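*Asks:* Would you mind keeping the following structure in view while I ask a few things?
The values are calculated or read from the model by the stated rules, or taken from the named source; none is laboratory data. All figures in this text were calculated on a predicted structure; none of them were measured in a lab. For neighbour counting, all protein chains shown are included, and Cβ atoms are generated from backbone atoms with ideal geometry for every residue, glycine included. SASA here: full protein model, heavy atoms, side chains in, ligands and nucleic acids out. Shrake-Rupley method; radii C 1.70, N 1.55, O 1.52, S 1.80 Å.
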Amino acid sequence: MRRPDAQDSSDTEPLAADHESPATTQPDRKSLLHPHKDYEKTTPLSLLLQPFQWLQMLSHQLNTSFVVGIFLVYGLSQGFSGSFFRVVTDYYWKDVQKVQPSEVQLYMGLYYIPWVMKPVWGLLTDVFPVRGYHRRPYFVLAGVLGTVAALVVALSGKLAVGVALVCLVGITAAMAIADVTIDACIARNSIEFRSLAPDMQSLCGFCTSVGALVGYSTSGLFIHHLGAQGALGLLAIPPASVIGLGLVIYELKTNAVVSSDKNIKVQAVQKLGGAIKGMYQTIQIPQVWKPSLYMYLSLALSISTHEGQFYWYTNPKLADGPAFSQEFVGMIYAIGALASIVGVLIYHKLLKDYPFRKLLFFAQLLFGLTGMLDLIFILRLNKRVGVPDSFFVITEECISRIVTRIRWIPMIVLSTRLCPLGIEGTFFALLMCIDSFGSLTNKWGGGMVLHIFHVTRTDFSNLWLVVLIRNILRLATLSFIFLIPNVDPSETIIPADLLGNTIKSGEDEDADNLQLVPFNEEDEV
């Protein structure tokens, strides 16, 4: 099996190395992490250059093409599409379909179904190549699916609720399928380059936040001029770019030689069985299932009250409501995206070396306490002390986004450290599936609580109680913090022999050799 490894000559060469192992390149990685003393100076010029030097270090160590892939998938497909999708679909269900907030919560839970199915996408791309390629066809499939779904819902007039829901789930499915490949590359690189795992997640978080900033800041404007349904048509652009990505991805064909279609099927079934067995064996390890359980509980117990709050603060008929406009809602989320970038920087500069348990404890505590700001806003206590709604809600959004990002990144770093070599893509997808199932649970749980307390399109008298229950559950999650390993990010969590040998590499010829086309090699593909 050809392993991704460090490079010595050029950042435009393929990631796989033929003669070097991770062990032999470890000193080079350390020198790249701290290339010059000037890098650590805090002069204005050095502060300006640090992001570029950091990207240069990652590009040299992990390959420029890998970094570009993160920008495309996390920045455009997830960051922009995810944020734009969130705002536009809120208005679509509220103004076009005119459904109750509790129903929308249930529909939003269905958006997570494709993310819950990430292990399926991972197994398909790992085990079932198309014409010898494991990745290219699935990028194209994701792009076509997302483009068609967005255009159908935007151009077909008012659809039946069920049809509209299928199209919106199709858009999220395109994001999920495109996400699997990059996640596999990140998981493998996090194992091979352990010291760079926080840096990779910081880059992912930064790209997502920048993309979200663009999506949120433009969403209100497009909704105002095109309407919610027309604005959904713009969501065809990111998946269309994924189609192009699939056409230019540099990927080595499978080298296995088979004599018949029957042999191909037998090999596929054997590989599928080996992958499933490897995942089953790995998830039984206490160092794996305990943090996985915590990550699920931390998401599931934080029930979502978003739709109830959204219907409340955008309702112009309430006597004492804020009645935010479409443009202002987009601006709130855009400023929140900027705050997310601040959260990424805080984690990267100050917190990335802290033990997982200690960092996640304080992050979850802050997550519960800052949630009380929503309660203050709904009870209109800010008005009693003379704080304007616009200032208060922007401040609350910034604090919430910073805390959420600081809470989320270490959980993703921890997830990458739990993946065994050989099935790292599929197993990381399994862990992300667990997280997505937690998000689905909190959406549906929030919808049920909104329904139980009769929060509707016009009745918000019990909304404060729903938010209070949500915050209490967030704080209750702290009782499960013992499930997180009390180790530093650089320490070993699972024995190396287990990480490397969960799946015997009798299928070395089918190793993951995916990389984007190096810029000087596009004509070879």
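*Asks:* Would you pick out the residues in segment 274-311 that are within 21 Å of the chain's Cα centre (by Cα) and not in a helix (DSSP H, G or I)?
*Replies:* L301, S302, I303, S304, T305 - these are the residues of segment 274-311 that are within 21 Å of the chain's Cα centre (by Cα) and not in a helix (DSSP H, G or I).
*Asks:* Regarding segment 354-362, can at least one residue be identified that is free of Cβ contacts under 8 Å to residues at least 12 places away in the same chain and either closer than 20 Å to C398 by Cβ or in contact with a Lys or Arg (Cβ under 6 Å, 6 or more places away or on another chain) (or both)?
*Replies:* yes
*Asks:* A follow-up question, please. Counting just the residues of segment 280-298 that are hydrophobic (A, V, I, L, M, F, W, C) and open to solvent by less than 20 Å² (accessible area, probe 1.4 Å), which one comes out modelled with the highest pLDDT?
*Replies:* M295
*Asks:* A further question on this structure: Out of segment 483-497, which residues are free of Cβ contacts under 8 Å to residues at least 24 places away in the same chain, in a helix (DSSP H, G or I) and of a type outside the set (D, E, K, R)?
*Replies:* A496
*Asks:* Continuing with this model, one more query. Among all residue pairs at least 6 apart or on different chains, which show Cβ distances below 9 Å where the first residue, located in segment 128-144, is within 19 Å of C185 (Cα to Cα) and the second is acidic (D, E) and surrounded by 24 or more Cβ atoms within 10 Å (Cβ to Cβ)?
*Replies:* Here the result reads H134/D126; H134/D512; R135/D512, each pair linking segment 128-144 to a residue that is acidic (D, E) and surrounded by 24 or more Cβ atoms within 10 Å (Cβ to Cβ).
*Asks:* V329 versus (1) over 21 Å from the mean Cα position of the chain (by Cα); (2) in a helix (DSSP H, G or I); (3) surrounded by fewer than 18 Cβ atoms within 10 Å (Cβ to Cβ): which is the lone unmet condition?
*Replies:* For V329, the failing item is (3).
*Asks:* Quick one: V214 ticks every box in (1) over 24 Å from L351 (Cα atoms); (2) open to solvent by less than 10 Å² (accessible area, probe 1.4 Å) bar one, so which box is it?
*Replies:* The number of the failed condition is (2).
*Asks:* To continue, here is another question. Consider G143 against the criteria (1) part of a helix (DSSP H, G or I); (2) more than 21 Å from the chain's Cα centre (by Cα): it satisfies all of them except one. Which criterion is unmet?
*Replies:* Single failed check for G143: (2).
*Asks:* Hey, could you check segment 199-210 for residues that are open to solvent by 10 Å² or more (accessible area, probe 1.4 Å) and of a type outside the set (A, V, I, L, M) and say which is farthest from H60 (Cα to Cα)?
*Replies:* Looking at the filtered set, the residue picked out is T208.
*Asks:* Report, by residue number, each residue of segment 433-464 that is assigned to a helix (DSSP H, G or I) and open to solvent by 50 Å² or more (accessible area, probe 1.4 Å).
*Replies:* F437, W444, M448, H451, I452, W464
*Asks:* Right, here's the next one. Scanning segment 155-181 for residues that are more than 19 Å from V104 (Cβ to Cβ) and in a loop (DSSP other than H, G, I, E, B), which turns out least open to solvent (accessible area, probe 1.4 Å)?
*Replies:* Taking the candidates together, the pick is G157.
*Asks:* Now for a different question. Listed residues L418, L430, L468; which is touching a residue at least 12 places away in the same chain (Cβ under 8 Å), open to solvent by 10 Å² or more (accessible area, probe 1.4 Å), closer than 30 Å to A275 by Cα and touching a helix residue (DSSP H, G or I) at 6+ places or on another chain (Cβ under 9 Å)? Show your work before the answer.
*Replies:* Values: L418 fails: open to solvent by 10 Å² or more (accessible area, probe 1.4 Å); L468 fails: closer than 30 Å to A275 by Cα.
Within the list L418, L430, L468, the selection yields L430.
*Asks:* Does D95 fit the bill of being open to solvent by less than 30 Å² (accessible area, probe 1.4 Å), of a type in the set (D, E) and not in a loop (DSSP other than H, G, I, E, B)?
*Replies:* Values: open to solvent by less than 30 Å² (accessible area, probe 1.4 Å): no; of a type in the set (D, E): yes; not in a loop (DSSP other than H, G, I, E, B): yes.
Spelling it out, it is not the case that D95 is open to solvent by less than 30 Å² (accessible area, probe 1.4 Å), of a type in the set (D, E) and not in a loop (DSSP other than H, G, I, E, B).
*Asks:* Please state which one of F66, F128 is open to solvent by less than 20 Å² (accessible area, probe 1.4 Å) and modelled with pLDDT under 85. I'd like the intermediate steps shown before the answer.
*Replies:* Numbers: F128 fails: open to solvent by less than 20 Å² (accessible area, probe 1.4 Å).
Only one candidate passes the filter, namely F66.
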